[in-house]
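The values are calculated or read from the model by the stated rules, or taken from the named source; none is laboratory data. The structure displayed is predicted, hence computed values, not measured ones. Reconstructed Cβ throughout: ideal geometry from the backbone, glycine too, with neighbour counts over all protein chains shown. These accessible areas exclude ligands, DNA and RNA; they are computed on the full protein's heavy atoms, side chains included. Shrake-Rupley method; radii C 1.70, N 1.55, O 1.52, S 1.80 Å.
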Amino acid sequence: MDGRPHGWPWFKDHLELQSYDLLVRPVWIFDVDRHAMWWGNVSALTFWNADGLAAFQAKDFSGDSQIVRDRLQQIVTSGAKGARFQESWTLYPAGQPTTILADIAPIYIAEGRRAILVEASYPLDFAQDPEALRLLEAAKNSPLMISTYSLSGALLAQNTAAAICYGATRLDFADDASVLKRRIAEPALSHALLQAAREDQEVQREFSVETQAGRRWHRVTARRGRDPITGQAVLILSEEDIDDLITSRSRLAEAKERLEERVVERTQALTAANRSLKEEIAERERAQGELTLRNAWLTTILDNTPVEIVLRDRDGVELAASKRRWLLHEAGVDSDADVETDDQRVLETGAPLQREIVGRTQEGQKNLVVARFPLRDYGGQTLGTCSITTDITEQKAFQSRLASGQKMEAVGRLTGGIAHDFNNLLAVIQGNAELLAEEIGGGRALIQPILHASARGAELIHSLLAFARKQTLRPEAVDLGSLVDRTIDLLSRTLGPGITIQREISATTVCALADPGQVELALLNLALNARDAMAGEGTLTITCKKAPLGSGGQGKAFVLLSVADDGCGMSPEARQHAFEPFYTTKETGKGSGLGLAMVYGFSKQSGGWVTCRSTEGEGTTITLFLPAAAEEGCSRAKPATAPLPHAKGETILLLEDDEDLLHLTGRTLRKLGYKVLTASRVAEARALLSDEKGVDLLLSDLLLPGGEGGIDFAKEARQLRPGISVILMSGNLFDHGDLGSGTPFLRKPFQRRDLAETLRRTLDQRDAAMPGLPL
């Protein structure tokens, strides 16, 4: 499951290795991936002359040779279960050489890094024979592969180069007599080498062997020696990799063969020289045919190109031209004098010339680009000019649309930046006005304009956020037909008696996946725009049905809601800017220019789109496309207004950094019967949550000072108090999906009823899920 070879130990920290401190022998772990010490027991620290583990880990091994590094990498890449190695190493723990016999095992350490566990034993004393020690070190680090075999073919010893080549140590084979036979590709050759050793004959051969990298060619010198341990005769092999040399020999032979072939070919070429001269005439005829063909291609290009191309000589005489010759003259902006002047400038300067031309045609404005450049022969001599005229009207229109989109994005970013503070101000105004209206009773008429103004301010910010696609939506399955039916009464009173409302609702249920409140707001905005376009008299048609299959692409289903009027319609320029925020054709003070921008932003954020079809003098149809939802569970009606729900003895922890809004919301909660704990900083709320035992719900703002957010603290609160309910609120609308789709959310400014109903619904759902939870 962890990706390491089965059976390898894995030490994740130093605590698992404490028992090794009892050993007399030095034991340490070397991190191969980082080429540094990782841990050592007490004996190892003494052996390496280290004052402690930190000094031990700081030992510098950057001077190790590449052959040492390759050998260590080979050990830790071994996949054998319980793999162990035994080798003699010359180390320099205190700057002086010390030769040991090391028992080595590959392991894994912290973070899954590869390492080796080393146990040092039998220190070898070469003080009496330093030459032997030097020869041993030279043999270990020699690039030649040196191996010792018994006369039965068992591997007795090999240096590091041989171990790297064949990928194993002597311990891997124990007394296996077939090692030599397996390494030498020719079966009879291993027998011959052993026999030569028995007869004390030296053998030098080149043959192929089976290495870890595959079959390679080696130059081998074999002679008889004597085992210094047992005194028995042994076979000593010295091997040099000559695979590249063999390859070079083969290539040299091939080159020689090719050279001989080229001599033959040259002789044949001389013989064929006369024949090629005869063929030259035929080749010229073919070249003439190709030239004719290319001229035909050029004619085809000139006849079919969508741009205007004209080639002229130095005197202005037309040499060739495309069939499309009407672009400049059609736009009414060019003349023979202009052509002559521009061509003369190109001939004099030798530099290309390009200019953009704007003209008017029956189809409207034309944008053209005329590029002129000199025509030259192979020697660089200027022969004439070429002009290419391209219609860029569509590209210009696209650039205009792109600039408009960037402007709308800038408005959206600006709105998102001010929404939080502005909505906090509106929340204070609206909340205090509600409390004031309740307290003064008969003076409510004086408070109503304040409530209306704050609601309009909230709607303005909400419309901007909807356009910018920064609002937090609560999509659900909505029956659009039912929503239209219950909205028509409101529309009838709002639009006035001169507007006749017609409904074209599909007989089958039309169910959309959208925020129902936003759908109602979009429908109201479209109806008000239609009323103004009809000057208070006309017919408003509301259509609700399923969109044709495939209209949205990618196999998704959509439904549509359209509002059509028979008013004045839009000009082409007005259609182009219809969905831009603050763009309006109404008189000053008669409209904010945000209605269609809100509809546009809402449709995009909901995963749909909106279209506009309008003709001056005939009317306008705005169609909103929304993702379709399953008919099951479609909401069809809102519950009737009920008395404000109150507390049932619960305690609310309120976290809000705006002091005015903190005071107002706390007062509102207390009037609803809740016990309220207030905090303006996360640290205060954390302390209250730790000290108070009966906190039932956290009501927290999303944006908080000090770099801490409401989402993070809500997660912390759920860990400190499992079972606590959470409601988030913000005037700057964030995605809070990482707390779960069921987390309640209040958009500032909110009315007291929204707060009361959200609190009661959230707490009741908690009590239903955990009936044993104390209040």
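Brief remarks follow.
- FRET efficiency, 1/(1 + (r/R0)^6) with R0 56 Å, evaluated for Arg25 and Ala397 via beta carbons: 0.10
- Shown is the FRET efficiency for Leu353 and Trp297, computed with R0 = 22 Å from the Cβ-Cβ distance and rounded to the nearest 0.05: 0.20.
- Residue-wise HN-Hα coupling along the stretch 616-631, computed from phi with Karplus coefficients 6.51, -1.76, 1.60 (Hz; x: Gly, Pro): 4, x, 10, x, 9, 10, 9, 10, 9, 9, 10, x, 6, 10, 5, 5
- FRET efficiency, Ala574 to Asp485 (Cβ-Cβ, R0 41 Å, nearest 0.05): 0.85
- For the stretch 647-732, convex hull of alpha carbons as volume per residue, Å³: 83
- With both labels modelled 7 Å from their Cα along Cα-to-Cβ, the Val264 to Arg251 distance reads 2.4 nm.
- Rounded percent of accessible protein surface that carbon and sulfur make up, the stretch 195-260, 1.4 Å probe: 45
- Each Lys or Arg adds one and each Asp or Glu subtracts one; over the other residues with Cβ under 10 Å from the Cβ of Ile622, this totals 0.
- Cα-Cα over 30 Å, subset of Lys323/Lys396; Lys323/Lys366; Lys671/Lys693; Lys671/Lys748; Lys604/Lys671: Lys604/Lys671
- Integer Hz, Karplus 6.51/-1.76/1.60 couplings in order for the stretch 205-216, x for Gly and Pro: 9, 10, 8, 8, 10, 9, 9, 5, 8, x, 6, 10
- Amide H to amide H distances under 5 Å link Leu151 with Leu235, where only residues 5 or more positions off or on other chains count and H is placed in the peptide plane.
- Applying the Karplus relation 6.51 cos²θ - 1.76 cosθ + 1.60 with θ = phi - 60° to the stretch 499-507 yields 3J(HN,Hα) values of 9, 9, 9, 10, 10, 10, 9, 4, 5 Hz, where x marks Gly and Pro.
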